[in-house]
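Have a look at the structure below, then the notes.
The values are calculated or read from the model by the stated rules, or taken from the named source; none is laboratory data. This one's a predicted model, so the numbers in the text were calculated from it and none came from an experiment. Note that we place each Cβ from the backbone using ideal geometry, even for glycine, and neighbour counts take in every protein chain shown. Areas reflect the complete protein model, heavy atoms only, side chains present, ligands, DNA and RNA absent. Shrake-Rupley method; radii C 1.70, N 1.55, O 1.52, S 1.80 Å.
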Amino acid sequence: MAGWLTVDDAYGAQMAERERLLAERRSEVVALESGCEAVAAEALEMVLTHIAARPEWQLTGRTVRRPDGRCVDVDATDPLGSLGRIIAEDICLLEAREGAQVLVGAVLCFPSRWVLAEKMGRAMLRIHAPVPGYGEDLNTRVERMMGALRPGSGLWRANGHFHSDPRLFHPRSEVAEKRWEADARYFRSERQALLRMPESRATLFSIHTTVVEAAALTEAQRALLRGQAAPQI
């Protein structure tokens with residue numbers, strides 16, 4: 001847990017982009033189901049407790065001094081918006097309903113080819129319907145893994161895909177035309193973490209995004225990726 005949230009050399013630039021999106025396109029990057037306000041509030045408190053023990057942030061009362069030096073006043077009436085202005089991770093919140101994990105809230109500034117509004121209120125199997133290879137068998141294993149989470153520890157994984165577009169805010173509707181990318185100049189990776197929230201028992205899913213020039217990958221990194229990260233559609 002000590003290394004849950006990421007601060008890297010892109011933190012300041014990413015936070016500036018998050019501030020812009022929250023100001024100009026909030027309806028596209030923040031969503032919360034009615035009745036789930038306590039879940040969002042708990043997520044905010046979990047993050048504040050975490051960063052209070054991290055030297056990169058300074059928490060004084062309800063004011064956070066971020067690693068880039070900017071101060072943010074925490075707004076308890078807007079927990080997801082506050083999260084979006086404090087950490088570089090996107091946060092998705094899921095509740096167990098009728099044996100399935102359902103997306104009930106999120107601050108999602110950096111989507112990679114998906115639209116938050118299309119996924120809200122939907123279960124994991126339906127959320128991943130456009131993903132090749134994500135069927136009922138895999139979903140059963142994912143649901144079992146998420147159900148086994150316990151407070152105080154978490155799971156993490158990472159993915160990686162070649163992109164032709166370096167933009168962090170990269171939504172794409174499920175019904176949009178899909179085409180092969182002819183010029184995959186960039187490599188995009190997400191570090192994803194799953195945590196159990198102790199009070200609500202909801203699942204907190206955090207996503208930290210990194211985008212680099214594909215040409216910057218070392219030969220050793222390319223060797224690891226061969227056969228695993230093909231150009232995406």
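Key figures for this structure:
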| read-out | value |
| --- | --- |
| Percent of Cα-Cα distances greater than 22 Å, calculated over the chain | 54 |
| Dipole of the range 1-155, positive end: most advanced residue of THR49, SER34, VAL7 [Cβ charges, Cα centre] | VAL7 |
| Whole-number percent relative contact order across the range 11-109, with pairs defined as alpha carbons under 8 Å at least 6 apart | 34 |
| Stretch gain in nm, segment ARG122-GLU136, where the contour uses 0.36 nm per residue and the Cα spacing is subtracted | 3.5 nm |
| CD proxy at 222 nm, helix term only [per DSSP H run n ≥ 4: -39500 (n - 2.57); per residue of the chain; nearest 500] | -8000 deg cm²/dmol |
| log₁₀ of I(q)/I(0) at q = 0.13, 0.16, 0.17 Å⁻¹ - the range 95-233, Debye sum with one point per alpha carbon | -0.65, -0.97, -1.08 |
| Normalised contact order of the range 128-195, rounded percent, pairs of Cα under 8 Å and 6 or more residues apart | 43 |
| Sequence-separation-based contact order of the range 77-170, relative, with Cα cut under 8 Å and 6+ spacing, percent | 24 |
| Two-site label geometry, LEU224 and CYS36: point separation in nm, points 7 Å out along Cα→Cβ | 3.3 |
| Extended-chain gain in nm, criterion 0.36 nm per residue less alpha-carbon gap, ALA96 and ALA214 | 38.6 nm |
| Sum of side-chain charges, LEU21 neighbourhood, beta-carbon under 12 Å (Lys, Arg +1; Asp, Glu -1) | +1 |
| Area of THR49 that stays accessible when all protein chains are in place (1.4 Å probe, Å², to 10) | 100 |
| Backbone N within the range 1-44 under 13 Å of label point (7 Å from ASP68 Cα along the Cβ vector) | 7-23 |
| Cα-centred dipole magnitude for the range 87-228, charges only on beta-carbon of K, R (+1) and D, E (-1), debye, nearest 20 | 200 |
| Per residue solvent-accessible surface (Å²) - the chain, probe of 1.4 Å | 51 |
| Ranked order, ASP78, ASP9, ASP90 - accessible area, probe 1.4 Å, largest first | ASP9, ASP78, ASP90 |
| Sites ASP75 and SER173, calculated FRET efficiency, Cβ-Cβ separation with R0 45 Å, nearest 0.05 | 0.90 |
| Longest DSSP-loop-exposure-free segment, GluC sites (Glu not before Pro), the chain, at most 16 other Cβ within 10 Å | 99-173 |
| Within the accessible area of the chain (1.4 Å probe), percent carbon and sulfur | 53 |
| Lys, Arg +1 and Asp, Glu -1 on Cβ, resulting dipole of the range 114-154 about Cα centre, debye, nearest 20 | 140 |
| DSSP-defined beta bridges in the chain - what % are antiparallel, rounded to 5 | 95 |
| Positive dipole terminus of the chain, leading residue within GLY61, GLY133, ALA117 (C-beta point charges) | GLY133 |
